[in-house]
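Chemist: Can you read through this structure? Questions will come right after.
Values quoted throughout were computed directly from the atomic coordinates according to the rules given, and no laboratory measurement underlies them. Computed from a predicted model, the values in this text were never measured in an experiment. Because the Cβ atoms are built from the backbone with ideal geometry, glycine has one as well, and the counts that use them run over all protein chains shown.
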């Protein structure tokens, strides 16, 4: 009987977390179709081609999530595996600058193409850093108060990775990784005085990097007052706000939005929430925010339910990264934050981002199988 109970516990998982993940994935797919139909027709003469590609990413992502979910998460704590993931992600980031391998798009080199396969190198870096943080912090849970033993090494390693991403250039992802690493350290128990020291050191540097580069400075100016240049640097934010305004409480109806008709730039990627706001209204946006809230809540509940330090930090790192990306994307779409180019997890079109998010979901579900919920 005891053996049978152990086997039942071994295959158990957090059904609420899984269901919320699937609901977010389904809604995201529907919104990709709605937001990309006319753009896809204009670019590829087929209104469903972008959706077809997204569906392929969804199927692959489901396979990745289920595969990782079935693996004992403790295997990911292997030091050789973590080092290999870190070295592989660094190599991938460096390959972005190699002619013939790195893909140049939008004045940036963020993608690698090998044969017919291409992916965004920074997404691999996110997975590597999640494994590194979990493995490193699990080894030294009682030394988190010591700046030189834990905080400084984590900041140096994540800072080096963020620097490689920054020079692509991808300031948004680099800044997100930096902020995320500080958040994880704080959750792990970093002292307030260390947190204050890090913030006082990072904020001036980040502000300087934003102000000195013309295109980033323009984004900051557009955030402060987009109405000063309505047809220039403020255009994207204004069109996003117009979409939310048109949606009102209940929206104009699924598929009936007008801003995606070549008014709103990137309607199926960075600003897909604006399409949600126009077509599904305030209630639709609130539902999406609620689903993300439940996803994060169940994730932290899983972390607290495990007695394993590696499992705890693995889930905390994973949940905080996805949650932070969602908050930043939503903040940008609603003009609460400056434009950064961060995708909305489960929603924004992009294979690399979706596969990474599904891999992360698989890690969390793997931990939940062995947690006492």
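Chemist: Hey, in the GNM for the chain with a 10 angstrom Cα cutoff, which one of 152, 131, 43 fluctuates hardest?
Modeler: 43
Chemist: Suppose each label sits 7 Å from its Cα in the direction of the beta carbon; what would the residue 227-residue 249 distance come out to in nanometres?
Modeler: Calculated label separation equals 2.6 nm.
Chemist: Going highest first, how would you order 157-168, 78-89, 264-275 by mean Cβ packing within 10 Å?
Modeler: Details: 157-168: 18.7, 78-89: 14.8, 264-275: 24.3.
Averaged packing, sorted descending, gives the order 264-275, 157-168, 78-89.
Chemist: Just need the relative contact order of the range 211-288 here, percent rounded to a whole number, with Cα pairs under 8 Å and 6+ apart. Don't jump to the answer; show the numbers that get you there.
Modeler: On the way: 100 pairs, mean separation 21.9, N = 78.
This gives 28 percent for the range 211-288.
Chemist: For the chain, take the longest principal axis of its alpha carbons; what is the angle in degrees between that and the long axis of helix 214-224, to the nearest 10 within 0 to 90?
Modeler: 80 degrees
Chemist: Between residue 94 and residue 23, what FRET efficiency follows from the Cβ-Cβ distance if R0 is 35 Å, with the result rounded to 0.05? Don't skip to the answer; put the middle values down first.
Modeler: Values: r = 38 Å, r/R0 = 1.09.
Using R0 = 35 Å, I get an efficiency of 0.35.
Chemist: Using the per-residue mean of other Cβ atoms lying within 10 Å as a proxy for protection, in what order, highest first, do the peptides 201-207, 17-23 fall? Please report the intermediate quantities before stating the final value.
Modeler: Working: 201-207: 11.9, 17-23: 18.6.
The peptides rank, most packed first, as 17-23, 201-207.
Chemist: As an exercise, use a Förster radius of 41 Å and the Cβ-Cβ distance of residue 142 and residue 210 to find the FRET efficiency, rounded to the nearest 0.05. Can you show the working numbers first?
Modeler: Numbers: r = 37 Å, r/R0 = 0.91.
Computed FRET efficiency for residue 142 and residue 210 comes out at 0.65.
Chemist: A follow-up question, please. Compute the angle between helix 79-95 and the longest alpha-carbon principal axis of the chain, please, reported from 0 to 90 degrees and rounded to the nearest 10.
Modeler: The helix 79-95 is inclined about 20 degrees to the chain.
Chemist: For the chain, what does -39500 (n - 2.57) per DSSP helix run (n ≥ 4), summed and divided by total residues, give at 222 nm, in deg cm²/dmol to the nearest 500?
Modeler: Values: 13 runs with 251 residues, N = 373.
Only helices count here, giving -23000 deg cm²/dmol.
Chemist: How would you rank 57, 75, going from fewest to most other Cβ atoms within 10 Å of each one's own Cβ?
Modeler: Details: 57 19, 75 9.
By the 10 Å Cβ count, ascending: 75, 57.
Chemist: What number, in percent, do you get for the relative contact order of the range 2-368 if the mean sequence gap of Cα pairs under 8 Å and at least 6 apart is divided by its residue count?
Modeler: 26 percent
Chemist: By average Cβ neighbour count within 10 Å, what is the ranking of 25-31, 94-100 from highest down? Each step should come with its number before you reach the end.
Modeler: Values: 25-31: 19.4, 94-100: 13.0.
Highest to lowest by the protection proxy: 25-31, 94-100.
Chemist: Follow-up question, since we're still on this one. Counting other beta carbons within 10 Å of each Cβ, put 72, 308 in order, fewest first. Intermediate results must be reported in sequence, preceding the final value.
Modeler: Working: 72 12, 308 15.
The most exposed by this proxy come first: 72, 308.
Chemist: What is the extension gain from residue 290 to residue 87, computed as 0.36 nm multiplied by their sequence separation minus the C-alpha to C-alpha distance, in nm to one decimal?
Modeler: Extra length from residue 290 to residue 87 when fully extended: 69.4 nm.
Chemist: With axes computed from alpha carbons, what is the tilt in degrees of helix 121-139 against the longest principal axis of the chain, rounded to the nearest 10 within 0 to 90?
Modeler: With rounding to tens, the tilt is 30 degrees.
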